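The values are calculated or read from the model by the stated rules, or taken from the named source; none is laboratory data. Since this is a predicted model, take the numbers as computed values, not measurements. No Cβ is skipped: glycine too gets one built from the backbone with ideal geometry, and neighbour counts run over all protein chains shown.
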């Protein structure tokens with residue numbers, strides 16, 4: 001009689017690089033803000049992750065709606081990527 005292969009499930013423990021930006025309500029007091037940031041950090045390290053947090057207590061969030069040719073959008077994104085003053089950006093096409 002052929003033997004059945006025994007399945008062994010192994011959790012994938014390889015670490016992937018991720019980057020996350022999260023915006024926390026400006027209404028939080030300093031202590032609550034630090035607690036919230038620490039809870040995110042503890043979640044990651046508690047799951048065998050490694051974290052390097054850089055956070056700014058203030059920032060200017062700007063929403064711009066505009067029309068531009070696709071070629072110029074590529075150029076715009078390239079300029080945003082090399083700017084030291086722009087910490088993060090997300091450019092999406094709106095509509096169909």
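Taking the conditions exactly as written (modelled with pLDDT of 75 or more, surrounded by 10 or more Cβ atoms within 10 Å (Cβ to Cβ) and within 30 Å of residue 94 (Cβ to Cβ)), does residue 37 satisfy them or not? Judged against the criteria, residue 37 is not a match. The single residue among 92, 86 that is out of contact with any strand residue (DSSP E or B) (no Cβ under 7 Å at 6 or more places or on another chain), under 30 Å from residue 38 (Cβ atoms) and at pLDDT below 90 turns out to be 86.
Residue pairs whose Cβ atoms lie under 8 Å apart, separated by 6 or more positions or on different chains, with the first residue in region 21-46 and at negative phi and assigned to a helix (DSSP H, G or I) and the second at pLDDT below 90 and surrounded by 11 or more Cβ atoms within 10 Å (Cβ to Cβ), are 33/24; 36/24; 36/28; 37/24; 37/55; 41/51; 44/51; 45/51.
Residue-level analysis places residue 52 outside the set of residues that are part of a helix (DSSP H, G or I) and without any contact (Cβ under 8 Å) to a residue 60 or more places away in the chain. Restricting attention to region 13-32 and to residues that are in contact with a helix residue (DSSP H, G or I) (Cβ under 8 Å, 6 or more places away or on another chain) and within 12 Å of residue 56 (Cα to Cα), the residue that is surrounded by the most Cβ atoms within 10 Å (Cβ to Cβ) turns out to be 24. So is residue 67 in a helix (DSSP H, G or I), exposed (fewer than 10 other Cβ atoms within 10 Å of the Cβ) and modelled with pLDDT of 85 or more or not? For residue 67, the condition - in a helix (DSSP H, G or I), exposed (fewer than 10 other Cβ atoms within 10 Å of the Cβ) and modelled with pLDDT of 85 or more - is not met.
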